[in-house]
Amino acid sequence: MILIFLAGVILGITFYGGLWFTVKKSITAKRPTMLFLSSFFIRIGITVIGFYLIGGHNWQYFLGCLLGFIVARFVVFYITKTINIKQFNLTREKIHGTQP
């Protein structure tokens with residue numbers, strides 16, 4: 001069951017990390033709509049296929065994978081929040097010449 005949970009975490013990191021990456025790249029993309037649509041379908045496809053292969057016909061496996069997926073959401077949120085704060089501090093130092 002631990003492997004099922006970890007597989008859910010990997011699926012979640014792939015999904016939410018891909019979403020974060022898409023949002024960051026959409027700012028400079030020439031065609032952000034195409035970027036969002038292609039990213040959405042790729043992320044959903046990987047997630048659905050992963051849940052189908054991992055969960056199969058066993059609801060306990062599916063539930064363990066879903067729990068890992070939900071935990072990964074908080075992990076990615078925490079990691080990306082710290083990355084964004086560090087980038088904001090670096091940008092602020094460059095613009096204002098301040099030291100934190």
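Which whole-number percentage describes the relative contact order of region 2-96, with Cα contacts under 8 Å and a sequence gap of 6 or more?
Working: 80 pairs, mean separation 43.4, N = 95.
Value for region 2-96: 46 percent.
Can you tell me the FRET efficiency between ILE2 and THR82 if r is taken as the Cβ-Cβ distance and R0 is 25 Å, rounded to the nearest 0.05?
Between ILE2 and THR82 the formula returns 0.40.
Just subtract the alpha-carbon distance of ILE44 and ILE70 from 0.36 nm times their residue separation and send over the number in nm, one decimal. Mind showing how you got there, number by number?
Details: separation 26, 0.36 × 26 = 9.36 nm, distance 1.48 nm.
My answer for the length gained is 7.9 nm.
Sticking to Cα atoms, compute the Rg of region 2-96 to one decimal and its Dmax as the biggest Cα-Cα distance, whole number, in Å.
16.3, 58
On full extension of the chain, what length is gained from TYR52 through LEU35, given 0.36 nm per residue of separation minus the C-alpha to C-alpha distance? If you can, show how the numbers build up before the last one.
Numbers: separation 17, 0.36 × 17 = 6.12 nm, distance 2.56 nm.
Contour length minus the Cα-Cα distance gives 3.6 nm.
Excluding TYR16 itself, what net charge comes from residues whose Cβ is under 10 Å from its Cβ, given Lys and Arg +1 and Asp and Glu -1?
+2
No lab work stands behind these numbers, since they all come straight from the coordinates. Every value quoted in this text rests on a predicted model; they were computed, and no experiment measured them. We place every Cβ from the backbone using ideal geometry, glycine too, and count neighbours over all the protein chains shown.
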